[in-house]
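Chemist: I'd like to ask some things about the structure below.
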Amino acid sequence: MAITFHCECCKKKINAPDTAGGKWGKCPYCNHKCYIPLPPSEDDEELKLAPIDETEEEKYTRMMLETQNLTRSLLHQTQEPQENGKETAIDDKELATRIVNYLKLMSGGSLDEAHNLAEKISPYKKSAIPILEKLLKAKAPLPGLQSVPKKVLEHYIKDMITKMG
């Protein structure tokens, strides 16, 4: 008895001898390398298959597209969302503290944390730039920044001004 199957590539019907089952062979029509299925045995149960519910497939596709769009929008979001939709105001002292903490993190090599903090500082760039310029002109570094070499500190400050500018 011959094994009958369809080519995966050209979909034409192919007959193969029983001894070829479980092996690979070339389609006589398109030369595609095909797997020849094993012949059915008498004790195998027939699998009962059900058709695909098209409405469920459409719903799944819509949900996946929505998930992809949400993910894309979240990955492109640069600021943390605020509860009221606007940035909350902070005073210059708090902003200066954030800037000093940013400089400490940069000098300590905690670049990811520094980047996150810079994201929180950047909405206040109009107030932050004058603070950074004062730090740049200061004769002595602020407490907590004395251990950072002056040239390195200047570089971090200038870099931050450039990014905000």
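The values are calculated or read from the model by the stated rules, or taken from the named source; none is laboratory data. Just so it is clear, the structure is predicted and the values come from calculations on it, not from any experiment. Every residue, glycine among them, receives a Cβ derived from its backbone with ideal geometry; neighbour counts consider all protein chains shown.
Chemist: Scan region 143-165 and report the pairs whose first residue is in contact (Cβ under 8 Å) with a residue 12 or more places away in the chain and whose second residue is among the small types (Gly, Ala, Ser), with Cβ atoms within less than 6 Å and a gap of 6+ or a chain change.
Modeler: Sorted first by the residue in region 143-165, then by its partner, the pairs are 148/107.
Chemist: Take the residues of region 108-128 that are assigned to a helix (DSSP H, G or I) and polar (S, T, N, Q): which is nearest to the chain's Cα centre (by Cα)?
Modeler: The residue in question is 116.
Okay, residues lined up against (1) polar (S, T, N, Q); (2) modelled with pLDDT of 85 or more; (3) not in a helix (DSSP H, G or I):
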| position | (1), (2), (3) |
| --- | --- |
| 39 | no, no, yes |
| 42 | no, no, yes |
| 59 | no, yes, no |
| 74 | no, no, no |
| 104 | no, yes, no |
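Chemist: Filter region 134-157 down to the residues that are at negative phi and touching a helix residue (DSSP H, G or I) at 6+ places or on another chain (Cβ under 7 Å) and list them by number.
Modeler: Scanning region 134-157 gives 135, 136, 141, 142, 145, 148, 152, 153, 154, 156, 157.
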